[in-house]
Every structure is written in structure tokens, then in C-alpha cells.
Amino acid sequence: MLDPRKAYTYFLNHFGVKQSTNGWHKLDCPHCDKARGKQKGAIRFDWSRFKCWECGQSEWLIDLVAWLEDMNIHQAFDLVHTYQATDIDLNFEDIHFDKTSTTKVTLPDGFKGITSDGVLGMRARKYLQGRGFDIDELEFKGFGYCAEHAEDEKESYFGYIIVPFKSRGELIYYQGRDFIGNAYRFKNPPTEKFGIGKADCIFNEDSLIMQDINFTVEGWADALTMGDMGNSTQGWHLSPRQMKLMINSTCSHQVFVPDIGIATDGISFYKKALQLALQFIDLKPTYVLDLTKLSGSGDKDVNDIGMMPVLDLFESSKPLTYSKIITELL
């Protein structure tokens with residue numbers, strides 16, 4: 001991650017960034033704002049993120065610098081770090097990030113990047129490709145797998161794909177997904193290991209601040225299917241941290257996309273998502289999509305159905321109202 005104070009100096013020198021609100025700094029968007037002076041671009045230096053409110057471009061600062069300078073990201077990193085760090089108060093604010101973790105996350109024994117050689121690597125990639133994912137994209141996101149047993153079985157993730165959960169680009173948690181037939185389909189580090197648990201995490205959390213439309217689903221695979229706009233909460237009962245992150249989201253439209261089926265308590269996932277939507281309808285246009293309108297034989301979630309049909313369903317849907325939700329829940 002770029003040093004935020006050196007990155008500030010770089011963008012101050014090149015774009016004359018000015019402080020805006022909620023920790024953002026505004027500038028002319030390099031992608032769409034040439035010679036117009038609208039200053040629709042915005043940077044959060046503490047998150048190392050750029051977004052444009054006009055053209056919708058959203059990216060890491062390092063990628064923006066690399067594009068501007070026609071360099072690779074390693075060269076861009078070295079360039080920015082030649083600048084002198086600013087000594088002004090950037091007024092960093094953590095309105096979207098409540099740092100509950102106090103322990104640096106260490107990856108499990110035997111972790112390898114998803115493109116690493118070996119038989120297990122081939123099997124892990126085959127599983128992920130079978131679910132429609134691009135391996136190069138997963139490598140960029142930090143996915144990997146474990147090819148060794150740990151001495152303590154509770155700490156062993158042999159044969160599990162490691163799914164990274166990040167906040168502002170920083171790894172705060174991970175989840176293991178079996179791909180060889182282990183006893184457990186999923187394996188999660190206990191809360192006490194890193195000071196944060198699965199129920200506190202949102203996969204692709206940064207989408208809440210970088211995307212105008214958020215598609216919230218239950219699992220990480222569904223979130224990946226929806227691309228940069230997708231995030232997952234691992235269930236429809238949000239923890240206080242998850243709720244705070246979503247309430248504070250800068251997105252303009254909140255879309256919940258529940259799986260098809262019934263939970264163990266006998267309530268459909270669709271109705272659980274409707275109950276959650278009640279918390280958001282007074283804040284912004286809120287939707288709950290009914291995947292039964294799209295599903296074919298055996299389809300049960302976004303990963304089965306695919307991104308484009310879900311986007312089409314969203315485009316043909318209207319925001320929920322209180323009376324509509326109550327009618328659906330009866």
C-alpha cells in the first residue's frame with residue numbers, strides 16, 4: 001500500500017488536490033475531466049483509493065499512478081515513494097472502518113498463491129475455474145491454497161482454498177473453502193485468533209465506499225460473480241460492525257440478492273433479506289431481488305445464475321417501500 005502522505009504530495013504536485021468531505025480529497029478526474037474543471041474525481045489517501053463521481057471509475061491509487069506514468073505498479077510504487085511526505089494534517093477519518101482486529105493476520109501454514117505450481121494448485125484452480133472465476137483476477141485479490149498440514153489440526157488448512165477478507169486493502173481475516181473432500185466444507189479462524197470473526201467481516205468490503213450500486217449476497221463466490229459491485233455478509237443477520245459499515249456506505253443504491261431456499265429456522269432467505277432491507281429503505285433506494293424469477297433447474301444462487309441476468313433483474317425492479325416489504329412478509 002502506498003504511503004498516504006507521500007501519495008498526497010504526488011497528487012498535490014500533479015493535480016492540486018483539495019480537501020473535500022468525510023476524508024476525501026477532490027481533483028479533476030484524469031479519465032473524464034480533461035479541461036472541464038469539474039473536479040468529480042476523489043481520493044481517500046488512507047484507503048489508497050480513487051473514484052470518480054462522474055464516469056464511475058474506481059481503482060487503487062497505485063493502479064492510477066501506473067496508468068498516468070505508463071509504468072508497471074512496482075515502478076509506480078518506487079516513484080511515489082521518492083516524494084517527500086506531507087507534514088499537513090490530512091484529517092483521516094475511519095467512518096467506514098471500525099478496527100476491531102488488534103492482531104496482524106498471518107496466513108496459515110503451507111499457504112501458496114493461487115497460481116503456484118503443484119498438483120494441489122492445479123486442483124484448486126480447476127475448482128475455481130469451474131465456478132466461472134478468472135485465476136489472474138483471483139491472484140490479484142490474494143487468493144491462495146494450502147499444500148501442507150500444520151502440526152495442530154485446528155490450525156491446518158491443507159486442501160482448502162484461502163479466501164481473503166480485506167478492509168482498505170489490508171487483510172483482516174480469511175476463510176478456508178475445501179476443494180479436495182475434507183470433513184468440513186468451510187473452515188474459519190476463531191475470533192480470538194485475530195480479534196475478529198467471520199460474522200464481523202464483509203467480503204469485498206471496499207465496494208461499500210467505491211461503488212455506487214452495491215449487490216449484497218450471502219457468500220463470497222456470489223460476491224465475486226457480481227464483480228466489483230458484489231459483497232457478502234456470510235448470512236442475513238448482520239453483526240454490529242457489518243451493520244455500521246453498510247449504514248455508512250456511500251453507495252447510492254443498496255441491492256440484496258438472497259439465495260433460493262429455506263433457512264434452518266424455516267424462513268426463506270428471501271424473507272430474511274426483506275427483513276434486513278427494512279433497516280435501509282429510509283436511507284437510500286433499496287431492493288431485494290427474487291432469484292426464482294431467473295432460476296433454471298438446479299440454480300440456487302448468484303454464482304449459478306451469473307451476473308448479467310441479475311443485473312437485468314435489477315434494472316427491471318423498483319425500490320422497496322415499507323408497505324411492499326410488509327405485504328411480502330405476511
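The values are calculated or read from the model by the stated rules, or taken from the named source; none is laboratory data. Predicted model only: the values in this text are computed from it and were never measured. Every residue, glycine among them, receives a Cβ derived from its backbone with ideal geometry; neighbour counts consider all protein chains shown. The area values use the complete protein model at the heavy-atom level, side chains included, leaving out ligands, DNA and RNA. Shrake-Rupley method; radii C 1.70, N 1.55, O 1.52, S 1.80 Å.
Structure notes:
- Of the criteria (1) open to solvent by 40 Å² or more (accessible area, probe 1.4 Å); (2) modelled with pLDDT of 90 or more; (3) not aromatic (Phe, Trp, Tyr), which one residue 102 fails: (2)
- Single residue of 271, 324 found to be among the basic types (Lys, Arg) and in contact (Cβ under 8 Å) with a residue 40 or more places away in the chain: 271
- Cβ-Cβ contacts under 8 Å between residues 6 or more apart (or on different chains), taken from a first residue in segment 1-21 that is among the basic types (Lys, Arg) to a second residue that is part of a helix (DSSP H, G or I), are listed as 6/80.
- Qualifying residues in segment 148-179 (those that are among the basic types (Lys, Arg) and closer than 20 Å to residue 203 by Cα) - the one most open to solvent (accessible area, probe 1.4 Å): 166
- The helices (runs of 4 or more DSSP H) found entirely in segment 116-207 that carry 1 or more residues being modelled with pLDDT of 90 or more, closer than 25 Å to residue 235 by Cα and among the small types (Gly, Ala, Ser) are 119-130.
- Residues within segment 26-47 that are closer than 25 Å to residue 204 by Cα and surrounded by 21 or more Cβ atoms within 10 Å (Cβ to Cβ), tallied: 7
- Elements of type strands (runs of 3 or more DSSP E) contained in segment 211-330, each with 1 or more residues being of a type in the set (A, V, I, L, M, F, W, C), under 28 Å from residue 185 (Cα atoms) and open to solvent by less than 20 Å² (accessible area, probe 1.4 Å): 213-217, 253-256, 286-288
- Residue within segment 162-173 that is within 13 Å of the chain's Cα centre (by Cα) and closer than 21 Å to residue 285 by Cα present: no
- Criterion: touching a residue at least 60 places away in the same chain (Cβ under 8 Å), out of contact with any helix residue (DSSP H, G or I) (no Cβ under 9 Å at 6 or more places or on another chain) and among the aliphatic types (A, V, I, L, M) - qualifying residue of 208, 120, 224: 120
- Close pairs (8 angstrom Cβ cut-off, 6 or more residues apart or separate chains): under 17 Å from residue 220 (Cα atoms) in segment 174-190, open to solvent by 60 Å² or more (accessible area, probe 1.4 Å) and assigned to a strand (DSSP E or B) anywhere: 175/186; 176/186; 177/186; 178/186
- The set of residues in segment 191-202 being in contact (Cβ under 8 Å) with a residue 40 or more places away in the chain, open to solvent by 10 Å² or more (accessible area, probe 1.4 Å) and out of contact with any His (no Cβ under 9 Å at 6 or more places or on another chain) consists of 193, 195, 200.
- Residue match in segment 131-147 (condition: within 30 Å of residue 280 (Cβ to Cβ), more than 14 Å from the chain's Cα centre (by Cα), in contact (Cβ under 8 Å) with a residue 60 or more places away in the chain and buried (at least 16 other Cβ atoms within 10 Å of the Cβ)): yes
- Subset of segment 60-72 (residues that are open to solvent by 20 Å² or more (accessible area, probe 1.4 Å) and either hydrophobic (A, V, I, L, M, F, W, C) or at pLDDT below 85 (or both)): 60, 62, 67, 68, 71
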